Structures are given as structure tokens and as C-alpha cells.
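Notes to accompany the following structure.
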Amino acid sequence: MEVLKDLRVKAVSEYFNQNKLSYSEIETFKAVLSKLESIPKVENSFVLRTDNAEPIEIELDYEINELIKDQLFLQKGFKDLEEHFETQNSSYKTEISAGLHFLNSVEFDYLFTDRDGTISNYCGRYLSSVQGVGNAIMLSELSKMIKEQSVILTAAPLLKGGIQDVLVQPQGQFVIAGSKGREFFDSKGVYHSLPIEKEQQRVLDDLYNQLVELLDKNEYSIFRYIGSGLQQKFGEIGLARQDKNLSVSSQKSLDFKNEVLNCVMNVDPKGDFLVLDDTGKDLEINLSFGNSQNAKEFNKGDGLDFIVKSLHLDLKRKKVLICGDTFSDVSMLSKAQELDAEVFSIFVTKDKALKKKVKSVCSNSFFVATPDTLVALLYKYAIL
């Protein structure tokens, strides 16, 4: 997938430099797809082995489907790619038509969008969720239509196995923010980060080192390879304890969680610094704000606020489009409204409770079923 990233970067660069796509690398794309599909399978799962030879069953839906879409886009263009989108979402045409009516030629000053599940399909492993060529080009066209600034704001880390390692988007089109906005590269490539007190950083570093040692044990090494694995974010640590295929037994997952809790207690026995959230699939360990009795974890709304203030952006009475796919993205809506922006939102979800929550916060809201539908909608908005 790292090799594939280099190929995709080259394809995107050639498209913008020559205003067309080169087909010279298409055979290499096909070869990568063939290699992925040749991995041994058990029923519908591909089987890999970890460092200690323990087998792990995984799905490769993202990796394979993005390669299929790359080939469609490289060989035939957006029209054939759009036909593929229609096969993945039965309401695609209806959502595109209604979405264009919702946007109704509004000229947006700012865009803030989540990545995974929003403008990118979910992947079983973060490091192999390399952005597709068509996705990058469509989002590039969108960025040209945003008058002031476009921001991709994700909970994933920015560096060290983060969003910078999986994007093929040309530099300068987006502000790229990781760790819920605690750290980001601006459109000029300058790095910014929210200051962390030395004692807080020491606790995080000590915890990370203990978790690395935990994963070095044979009985827990499998947790390196499922989901997002171990992610050292800025002001936060993420650690997978299960994946969507339930590759690990529930008992082993619970045992691992208890070991992680012991590590947290070792470095922060009084609970002064850390807040742990268990999503069922991931353990998210955040620095807390306030005292231990009234601890608050950093959210994407806080990240949006940090980016706005750091870059001296003015959202007051400006038209702002915010895109997301989970409850964690709603805080961006609230914060933008606090900053007196005129907020529009498009969320990728079928969850009725989430739709209700989004609508209660932002009346100018629209919903689509898949990330591909959202990206295609925004692309059509940009070029029409």
C-alpha cells in the first residue's frame, strides 16, 4: 500500500500538470490488485499471519474497491466511476439530485470535514487506507470552490502512521488536521500544535511506552494488526481491541482491555490526567481538561476553534459547510455556530438518532448514505 501511495501521488500530479490522466501506470495498479486478491482466503476473509505466526482473518474491501475505482477513473473517467457508485448505493441518483438542490449554488467561505466514513470509506486498517486517485481529484476540484479555507479534520494522528501517510491530495489545497485538531499543517505546510504541559506529555509518553511493551508480548501482538492498531496521537493515544470482523475472541479482547487499564493506572493512579473511552472496538485515551471530578476530553469542536484562532480565520456571518458521519463530528457544528457562522452540514449516515441530533443543532442539514455519494455530490457542486 505504501508503493501504491507513490503511484497515486504521481497519477494525481500528472492529472493536474497535464490536465489529463496518464495510463502508463495502469498495469501496475492491476498488478497490485491481483496481489491483494491472491492472498489465501477462508470463506470471505483473507488470512494473514502476525509476527508470531498467529493467523488473523481480515477483509480487504477498502483496498480492493479503491483499486477498482482507480482503474475506472484512470481508464474511463468520472462517468463510469459514477455508474459504479450507483451500484453501491441504490438511492445514489435521488441523493445527488436532492443534494444539489440543497446546496443550490451556495458559495461557501469555509469547509470543515471529517475524513474516515465521510469523504473516505472506512478501512479495516488505517495505514492501508490510502486515498484513491479519483477521490483526490474530486476533492481538489471542491477546494477550488471554497473561497477562504478548506480543512480536513480527523481524530487520527497527523504524523507517525497518521493522515499524512495515507493522503495523496496535493499540498496546499487543504489544511490537514489530526488528533481532533490538536495538530495541523496549514496550506503552506507549516506545522501547528496545541501546547501540552510537560507533566501531561510525560504521562502520555510513559503510557505509550508501556503499551508498546504490552504489544510485544506474544499473547497480545495481534492487537497491532487489527483496526487502527496503536496510534500515538497528539494529546491522545488510540488502541484497537477489536475489529469489525470480530477477529479476536471477546474474552481475549476483554483481557487486553484490562491490561491497558492497568497501564493507565500505573502512570496516572489518581486520574488527574487521562480519560479513557471504550467504543467497543477501540480504546481512546485522552488528556483531560479541568480537575479529575469534572474532567473533559478534547473534541473536534475544540480542534476547530484552535485552527480558527491559529490561522486568524473569521467565521462571523460566513457560510460554512461541515461534513461528518458520527456524533463526534457534531461538536464542529456547535463550535462554528458559537463563532457566529452560517452553518450548513452534510452527514453520511443512516442512523436516525444521529440525523435527529444533527438537525437539532443545524437546521440546514442534508444526509447521504455513503462517502462516495458525498464526494460525488461535492464534485458535481464544484464543476456545475
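Any read-out appearing in this document is the output of simple, stated calculations on the displayed coordinates, not a laboratory observation. For clarity, every value in this text was computed on a predicted model and none was experimentally measured. Positions of Cβ are backbone-derived with ideal geometry, glycine not excepted, and every protein chain shown enters the neighbour counts.
Tabulated data
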quantity: Three-way shape label, the chain, alpha-carbon gyration tensor, a/c 1.5; calculated: oblate
quantity: R224, R241 arranged by Cβ crowding within 10 Å, fewest neighbours leading; calculated: R224, R241
quantity: S120, S328 arranged by Cβ crowding within 10 Å, fewest neighbours leading; calculated: S328, S120
quantity: Summed side-chain charge close to E25 - residues other than E25 whose Cβ falls under 11 Å, Lys, Arg +1, Asp, Glu -1; calculated: -1
quantity: Candidates per GluC sites (Glu not before Pro) in the range 94-172, loop by DSSP, up to 15 other Cβ within 10 Å; calculated: E107, E148
quantity: Rg [Å, one decimal], Dmax [Å, integer] - the range 198-297, C-alpha atoms; calculated: 13.2, 39
quantity: Largest-first principal axis extents of the Cα set of the range 114-167 (Å); calculated: 33, 20, 16
quantity: Contact order relative to length of the range 198-297, as percent, for alpha carbon pairs under 8 angstrom and 6 or more apart; calculated: 25
quantity: Most mobile listed residue (L207, L36, L72) in the chain, GNM with C-alpha springs under 10 Å; calculated: L36
quantity: Sorted by Cβ density within 10 Å, fewest first, the residues K217, K319, K270; calculated: K270, K217, K319
quantity: Derived scalar couplings ³J(HN,Hα) [the range 117-133; Karplus, 6.51 cos²θ - 1.76 cosθ + 1.60; whole Hz; x for Gly, Pro]; calculated: x, 10, 9, 9, 5, 5, 10, x, 9, 4, 5, 9, 7, 5, 4, x, 5
quantity: Anchor K147: lysines whose Cα lies under 16 Å away (excluding residues fewer than 8 positions away in-chain); calculated: K316, K318, K319
quantity: Under the Karplus curve 6.51 cos²θ - 1.76 cosθ + 1.60, θ = phi - 60°, whole-Hz ³J(HN,Hα) for the range 304-312, x wherever Gly or Pro sits; calculated: 4, 4, 4, 5, 4, 6, 5, 9, 6
quantity: The range 226-384 - convex hull of the alpha-carbon atoms, volume per residue in Å³; calculated: 160
quantity: Distance violations [Cα-Cα > 23 Å] among K5/K160; K69/K357; K41/K217; K217/K257; calculated: K69/K357; K41/K217
quantity: Mean separation of Cα contacts under 8 Å (6+ apart) over length of the chain, as relative contact order %; calculated: 17
quantity: For the range 78-147, radius of gyration divided by Kirkwood radius, i.e. Rg to Rh on alpha-carbons; calculated: 0.98
quantity: In sequence order, calculated HN-Hα J values of the range 3-18 (Karplus, 6.51, -1.76, 1.60; Hz; x Gly/Pro); calculated: 4, 4, 4, 4, 5, 5, 4, 5, 5, 5, 4, 4, 4, 7, 6, 10
